[in-house]
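Single-structure report; data block below.
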Amino acid sequence: MSSKSFGKSGKGLRTSPTELHVYLNGEFVPKREAKISVFDHGLLYGDGAFEGIRAYNCLVFKLEEHLTRLGESAHSIMLRVPLSSEELTEAIVETLKRNRLRDSYIRVVVTRGEGDLGLDPRLCEKPNIFIITDKIILYPESFYRNGMDIITVPTVRNIPEAINPALKSLNYLNNILAKLEASNSNYKEALMLNDAGYVAECTGDNIFMVKNGILQTPPTYVGVLRGITRQAIMDLALRNDIPCQERVLTRHDLFNADEVFLTGTAAEVVPVVKVDGRKIGTGKPGKMTRKLMSAFRDLTKRDGIRYTF
Ligand code: PXG
């Protein structure tokens with residue numbers, strides 16, 4: 001199939017006749033052959049770092065920010081990223097091109113590499129790096145139109161003194177436990193509090209609320225990921241003269257907010273209309289949420305590293 005087959009209807013679809021290829025330690029290998037050892041400490045201990053990035057219509061969104069965060073996560077766990085930022089950019093773009101993807105979810109993973117059955121990372125000689133580009137699985141369209149319901153779960157977000165949530169490590173059990181608790185109650189997303197009971201974030205999204213025209217989000221010191229979408233929304237607020245504060249928030253604050261929404265690479269900006277059974281504002285996606293959803297959508301159309309194939 002030629003690249004002509006990528007029309008508007010091709011959004012998010014991989015229409016290449018060949019199998020999906022994965023970048024693995026300098027090579028492009030078919031998905032079936034993209035394998036790493038069972039002795040890799042990424043698998044044995046969750047010892048590694050990753051990023052989730054998106055491409056929109058041949059623009060890789062906020063790539064520099066994602067690579068900086070990956071570098072910081074790796075530095076924090078004393079893990080060597082085998083590629084420079086330039087090499088990583090090239091590898092990501094090449095993976096997208098090989099798979100003929102205009103719109104994609106990009107997963108960059110660096111693992112500690114093969115070691116023995118002890119914890120000691122110094123015995124792992126060579127980190128593994130791989131890049132998966134694939135279709136993105138999104139929330140249903142109705143969530144964006146009508147908003148979603150979320151529920152607070154008992155599992156609290158990791159305390160920064162243990163595993164700092166700012167570190168996007170391969171150890172995501174904290175979030176997975178929260179996700180399980182939400183799913184057990186038939187909710188798609190879980191609200192996590194920190195160990196002091198303040199609002200932290202969701203399992204894969206940051207949280208914002210609006211009260212009396214002021215946009216508010218928990219400060220990163222409460223123990224949340226420094227979301228790249230979160231930062232993009234704060235920048236858009238500044239540009240649009242929307243007052244924005246980083247403020248410690250309680251569930252009570254959320255319950256009585258005019259609007260609530262979540263932000264993340266996968267979710268983008270998704271309105272929340274109920275928290276723990278409490279209706280938020282009018283019970284419909286609010287005006288500021290809709291304005292920021294639209295501003296964010298526009299940003300993804302013009303901001304990014306461009307590639308062609
Ligand atoms: N908090 C947590 C715990 C996350 O994992 C975010 C917030 C949002 O950050 P960004 O930088 O994306 O705005 C994340 C990101 C997935 C998936 O596969 C998860 C994320 C991103 C992309 C895909 O569920 N989490």
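Bear in mind that the values in this text are calculations on the coordinates, not laboratory data. All of these numbers come straight from a predicted model, not from anything done at the bench. For neighbour counting, all protein chains shown are included, and Cβ atoms are generated from backbone atoms with ideal geometry for every residue, glycine included.
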- Query: How big is the Kirkwood radius of segment 190-235, worked out from every pair of different alpha carbons and given in Å to one decimal?
  - Reply: 11.0 Å
- Note on the structure: FRET efficiency (R145, V29; Cβ distance; R0 51 Å; to 0.05) is 0.80
- Select from I214, L299, F255 the residue farthest towards the positive end of the dipole of segment 171-309; place +1 on Cβ of Lys and Arg, -1 on Cβ of Asp and Glu, and compute about the Cα centre. L299
- Message: Just to verify a number: FRET efficiency for V38 and D241, C-beta to C-beta distance, R0 = 41 Å, to 0.05?
- Response: 0.15
- Query: Dividing the convex hull volume of the alpha carbon atoms of segment 4-136 by its residue count, what do you get in Å³ per residue?
  - Reply: 96 Å³
- Task: Of all alpha-carbon pairs in the chain, indicate the percentage at a distance above 29 angstrom.
- Result: 39 percent
- Task: Using 0.36 nm per residue of separation minus the Cα-Cα distance, give me the extension gain between K301 and L173 in nm, one decimal.
- Result: 42.7 nm
- Can you give the charge dipole size of the chain about its Cα centre, rounded to the nearest 20 debye, using +1 on the beta carbon of Lys and Arg and -1 on the beta carbon of Asp and Glu? 1380 debye
- Task: Taking each pair of different alpha-carbon atoms in segment 141-299 once, compute 1/r for the pair, average those values, and report the inverse of that mean as the Kirkwood hydrodynamic radius in Å to one decimal.
- Result: 15.4 Å
- Query: What does the helix-only formula give at 222 nm for the chain: each DSSP H stretch with n ≥ 4 adding -39500 (n - 2.57), the total divided by the residues, and the result rounded to the nearest 500 deg cm²/dmol?
  - Reply: -8000 deg cm²/dmol
- Query: Which residue, chosen from S185, T68, N146, occupies the Cα position most advanced towards the positive end of the dipole of the chain, where the dipole is computed from +1 (Lys, Arg) and -1 (Asp, Glu) charges on Cβ about the Cα centre?
  - Reply: N146
- With the Cα gyration tensor of segment 110-210 in hand, convert its eigenvalues to equivalent ellipsoid semi-axes via √(5λ) and list them largest first in whole Å. 31, 19, 12
